[in-house]
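Working notes, structure below.
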Amino acid sequence: TSGPDGSSWTVDNGDHTVKKFTAKGEKLAEIQAEHPAKEMSGDPFCRPAHLAVCPKTGNLFVADGYSNARVHKYDPNGRLIMSWGESGTGPGQFNIAHNVCTDKDGWVYVADRESHRVQIFNSDGKFETQWTNMARPCGLYIDQAAELVYVGELGAAIGPNIKATGLGPRISIYNTSGKVLA
C-alpha cells in the first residue's frame, strides 16, 4: 500500500510484521508488536493480512485476520491507537478480516472473507454498515476520485459449487453507498 509520502507499506504474515519502505526499497520502519501475538488474542499481530493508509489522516489500518480477528489502527509514526473486532459473524466481528481500505472521508472498509461481506466502520472502529451477498470477498480497492469500490471475490470453495454460475471469481464494482454498479 502506498503512503502519501510515496513510501510503501507491507505486511508479512510469516514474520507477523508491518514494514515501511522508500520507493527504492530501503526499509524505513517496522512494527513487530507482540511478534507473534497469541492466536485469537486480539493483540497485534498474528498473521496480518493487509493494511491501508488513510488518505485523510495518514493513519494505518491493519487487517490482522488470518489467526486473529481484529483491525488495528496506528498513527502515521507506527504507534498503536486502538484495535477492534473479535471472532464471529455479527457486526464488528470477523471470520478472516482479509483486506482493508479507506476512503477519502476516513471510513474503513474491511473484507470479512468467510462471512461473505464487507463491513464499513468510521475511523474510530464504530460499525456503520455492511454489504452482503458476496462470494468470499478478499480484495478491496477504492478509486478515490470516482468514489468506486472494487471488490475481488474468490467464489465457490466447495466441490458441489464448482460448476455453479455467478459465484465468482469476479470483481464487483460498488459506489461508496453500497450500490452494485457492475
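The values are calculated or read from the model by the stated rules, or taken from the named source; none is laboratory data. Computed from a predicted structure; not experimentally measured. Every residue, glycine as well, gets a Cβ built from its backbone with ideal geometry; the counts of neighbours run over all protein chains shown. The accessibility values were calculated without ligands, DNA or RNA, using every heavy atom of the protein model including side chains. Shrake-Rupley method; radii C 1.70, N 1.55, O 1.52, S 1.80 Å.
Annotation: aspartates and glutamates with alpha-carbon distance below 13 angstrom to residue 73 (same-chain offsets under eight excluded): 43, 64, 124. Charged side chains reduced to their Cβ positions (Lys and Arg at +1, Asp and Glu at -1) give the chain a dipole of some 320 debye around its Cα centre. Over the C-alpha trace of the chain, radius of gyration and Dmax come out as 15.9, 48 angstrom.
Pairs of Cα atoms in region 85-182 fall into 10 Å distance bins, from 0 up to the last occupied one, in shares of 17, 50, 27, 6, 0 percent. Dipole of the chain computed with +1 at Lys/Arg Cβ and -1 at Asp/Glu Cβ about the Cα centre; of 142, 110, 180, farthest Cα towards the positive end is 180. Remark on region 35-102: ratio of C-alpha radius of gyration to 2.2 N^0.38 Å is 1.02. Solvent-accessible surface of region 1-58, averaged per residue with a 1.4 angstrom probe and all protein chains in place: 56 square angstrom.
As a length-normalised measure over Cα pairs under 8 Å and 6 or more apart, the relative contact order of region 84-167 settles at 20 percent. Here the chain has 49 percent of its accessible surface on carbon and sulfur atoms, given a 1.4 Å probe and all protein chains in place. Using the Cβ-Cβ distance between residue 177 and residue 26 with R0 set to 30 Å, the FRET efficiency works out to roughly 0.15.
Hey, can you rank 5-17, 126-138 by average C-beta count inside 10 Å, highest first?
Details: 5-17: 15.5, 126-138: 17.0.
Result, highest mean Cβ count within 10 Å first: 126-138, 5-17.
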